[in-house]
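Here is the structure we will look at.
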Amino acid sequence: MNSPILSVRNLGKRFGLLFAARDITVSIPVQQTVGVIGANGAGKTTFINMITGHLRPTNGTIHFEGRDITGLPCRQIKGMGISRSFQVAQIFPSLTVFENMCTAAAIGRAPHTFIGHVCTPLRSRESVVEAETLLELFQIAPYRDRLAATLPQGIRKLLDIGMALAGSPRLLLLDEPTSGISIEEKFSLMQVIMSALNSRKCTVLFVEHDMDIIEGFAERVLAFYDGTVIADGTPAATLADPRVQTLISGPKVRCAVGAAAHV
Amino acid sequence: MVWSDRIAAGSAFLAAVIAGFVLPDWMISLATIAFANGLVVLGLIVMWRAGLVSFGQALYYCMGGYAVALIGRWGGVTDALLLVLLGGLSAAGVAFVVGFLLARYREIFFAMLSLALSMILYGLLVKTESLGSTDGLNVTAPTFLGYAPHQEELLVALYFLVLVVCATAALLISAYFRSLAGALAIPVRDNELRVEFMGMSVSRLIHTKLVISGLLAGTGGALVALAIGHVDPNMSYWTTSGEFVFITILAGAGSVGAAFIGSLAFESVRSFAFTMLPQLWQMLLGSVLLLTILFLPQGLGSLIQRLHWGRKAKAP
Ligand SMILES: Nc1ncnc2c1ncn2[C@@H]1O[C@H](COP(=O)(O)OP(=O)(O)OP(=O)(O)O)[C@@H](O)[C@H]1O
Ligand SMILES: [Mg+2]
């Protein structure tokens, strides 16, 4: 593990009287897969929103590949190589799966100028190839010509993440990639996602509520509580942390039917 | 473009050219107005695809018309092509300026704000004596690269000018629809947040569409001004805008050709209804619109696409 791709220092976000994030200091090395856990409202999405430029931090700094990106607009941050997927899949319902992917691929390759966008065709040979490759990679090629509005939940999620991977970002932030998916399907879905991302050598940070998934896929876990990071380390160490057990994972493990049998 | 589309577009253009030599004068002047208005409809289609409906295209239409009248009168320019270009560009300039405001609004607010802007121009024109007030202005007869035709010859020359301008616009706009900036219309309509996160500026995409549709509406207004030989403030009145929206619904936003077919159908129905049922022509138009919405929600253009699919389905 070498120099950090992302380094966040004393990051905080205040909404009125509420601190949705405070004093977060984290540094992520290239190609690490980081899991983020935390109860509802712990500030996980807020953390992602600040890194992607959707929210402007109240204090603190964010460096990506050594460059200060604090407070830049999300369009610019995307152009620098940070991409994200959403807690609720954000796709274009009136386009087909292929058209969704092709749009993402074309934007990823277009020169970032006004003239570039007018002169680049949507379906250039390169963007069509990239779209087809991503559809294969995420195993959704059989749905190629379906309207996105009619897709089952799992496929929507895969499409959303596939679109985020178009344009070869170097850091990908996944906000609850398995939310809305049944427990039986979660694991295989996550397997498809992770093997796709690893083949593209992407650094990944993903938010997840299911501790089995965290143990299965994360190399490192950040535990969020009340807007700040209360534990940071290997999955085994973080999940064994007594504060994490009482504040975050404890009740979750008891809820999960599969996990209860192991405990 | 698929080959069959190119052949269809090419033969439609050829048919229109031949029509210029054989049809009676009244039909030629009807088609001239219809195709010029088709440009305005094409501009509405550009916005329609992004989910925006403008009830104020008359603003640019009127700008284009008045620009032609004034440049001819004060600047002494008589060349038709140059006048049309200047008319289109002045409307595009107006669209660029008001675009900074309009690009921030959506849906009914966008529609009403664009309507309000066109009514401001109407009010200004009515109040300004030096611009002819409610009487408007006459447009001097244009020349074509030095050729100065009269009466029937002028009619036919203008018809061919309109054909050339419309064909150019149709080619450029269909290239725009295939470009990334043009194709992002549907994503913008579906999910602006995602488009922003993909690294594109939604307001800039919409601003571009506003300028394009202003340019098209202004060009249409300029051609109509030359064809009629007169402009008046009614070109900017809200019923004019409403008529363009009407034709757009009739035409459908499915293809570039639909704008011109829809506009031609509208002018024909109107002129037929006007002569056959002078008291009831508005009712007849209303019924046509109602039937279109009920039975052809995608507009007349969807008929062409259905033929297309029919052909594809038969292929092995
Ligand atoms: N735009 C906003 N305005 C005001 N408060 C906000 C805003 N966004 C988030 N919050 C608050 O900040 C806190 C953290 O929210 P956040 O969405 O980051 O939580 P989360 O960890 O992602 O939770 P979940 O697991 O439910 O997705 C919550 O209390 C939330 O109500
Ligand atoms: Mg969240």
Kindly check whether there is at least one residue in the stretch A:2-10 that is more than 17 Å from A:Leu222 (Cβ to Cβ) and not acidic (Asp, Glu). yes
Among the residues listed as B:Val165, B:Val126, the single one being on the phi < 0 side of the Ramachandran plot and touching a helix residue (DSSP H, G or I) at 6+ places or on another chain (Cβ under 6 Å): B:Val126
Spot the failing condition for A:Ala236; the list is (1) at pLDDT 80 or above; (2) surrounded by 14 or more Cβ atoms within 10 Å (Cβ to Cβ), and only one is missed. (2)
Can you spot a residue in the stretch B:75-83 that is at pLDDT below 90, in contact with a Ser or Thr (Cβ under 7 Å, 6 or more places away or on another chain) and part of a loop (DSSP other than H, G, I, E, B)? yes
Selection status of A:Ala149, away from ligand 1 (no atom under 16 Å from the Cβ), among the aliphatic types (A, V, I, L, M) and more than 28 Å from A:His209 (Cα to Cα): no
Considering residues of the stretch A:34-48 that are within 16 Å of A:Val221 (Cα to Cα) and either under 14 Å from the mean Cα position of the chain (by Cα) or of a type in the set (Asp, Glu) (or both) only, the residue farthest from ligand 1 (Cβ to nearest atom): A:Val34
Tell me, yes or no, whether the stretch B:131-147 has at least one residue that is in a helix (DSSP H, G or I), more than 14 Å from chain A (Cβ to nearest Cβ), of a type in the set (A, V, I, L, M, F, W, C) and surrounded by 15 or more Cβ atoms within 10 Å (Cβ to Cβ). yes
Unique match (being away from ligand 2 (no atom under 16 Å from the Cβ), touching a residue at least 12 places away in the same chain (Cβ under 8 Å) and closer than 21 Å to A:Ala237 by Cα) among A:Ile62, A:Ile28, A:Ile69, A:Ile24: A:Ile28
Please specify each residue of the stretch A:31-54 satisfying the condition of being near ligand 2 (Cβ under 9 Å from one of its atoms), closer than 24 Å to A:Thr234 by Cβ and assigned to a loop (DSSP other than H, G, I, E, B). A:Ala42, A:Gly43
Give the residue that is farthest from the chain's Cα centre (by Cα), with candidates limited to residues of the stretch A:82-112 that are over 25 Å from A:Asp145 (Cβ atoms) and within 16 Å of ligand 2 (Cβ to nearest atom). A:Gln87
Output for Cβ contacts, cut-off 8 Å, separation at least six or different chains, first residue touching a residue at least 60 places away in the same chain (Cβ under 8 Å) in the stretch A:36-53, second assigned to a loop (DSSP other than H, G, I, E, B) and near ligand 2 (Cβ under 9 Å from one of its atoms), reads A:Lys44/A:Asp175; A:Thr45/A:Gln87; A:Thr45/A:Asp175; A:Ile48/A:Asp175
Just checking, how many residues over the stretch A:158-211 are crowded, with 18+ Cβ neighbours inside 10 Å, of a type in the set (Ser, Thr, Tyr) and within 16 Å of ligand 2 (Cβ to nearest atom)? 1
Step by step: first the residues of the stretch A:82-113, then only those that are at the interface with chain B (Cβ under 7 Å from one of its Cβ atoms) and part of a helix (DSSP H, G or I), then the one that is surrounded by the most Cβ atoms within 10 Å (Cβ to Cβ). Which residue is that? A:Ala104
Among the numbered conditions (1) farther than 14 Å from A:Val118 by Cβ; (2) within 8 Å of another protein chain (Cβ to nearest Cβ); (3) surrounded by fewer than 21 Cβ atoms within 10 Å (Cβ to Cβ), tell me where B:Met198 comes up short. (3)
Checking the structure you have, find out if any residue of the stretch A:117-138 is more than 11 Å from chain B (Cβ to nearest Cβ) and not in a helix (DSSP H, G or I). yes
Quick one: which of A:Asp210, A:Asp232 is over 20 Å from A:Leu6 (Cα atoms) and of a type in the set (D, E, K, R)? A:Asp210
Would you be able to tell me the number of residues in the stretch B:240-280 that are of a type in the set (Asp, Glu) and outside any helix (DSSP H, G or I)? 0
For the subset of the stretch A:49-81 comprising residues that are under 15 Å from the mean Cα position of the chain (by Cα) and facing chain B (nearest Cβ under 10 Å), which member is surrounded by the most Cβ atoms within 10 Å (Cβ to Cβ)? A:Lys78
Within the stretch A:220-248, track down each residue that is more than 16 Å from ligand 2 (Cβ to nearest atom), among the charged types (D, E, K, R) and over 19 Å from the mean Cα position of the chain (by Cα). A:Asp241, A:Arg243
Contact list, first residue from the stretch A:168-193 and among the small types (Gly, Ala, Ser) and assigned to a strand (DSSP E or B), second anywhere and within 16 Å of ligand 1 (Cβ to nearest atom) and at pLDDT below 85, beta-carbon distance below 6 Å, six or more apart or interchain, is none
Would it be correct to say that B:Ala175 is touching a Cys at 6+ places or on another chain (Cβ under 9 Å), within 12 Å of another protein chain (Cβ to nearest Cβ) and farther than 30 Å from B:Thr140 by Cβ? no
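The values are calculated or read from the model by the stated rules, or taken from the named source; none is laboratory data. Because the structure is predicted, anything quoted here is derived from the model rather than measured. A quick note on method: Cβ atoms are made from the backbone with ideal geometry, for glycine too, and the neighbour counts reach across all protein chains shown.
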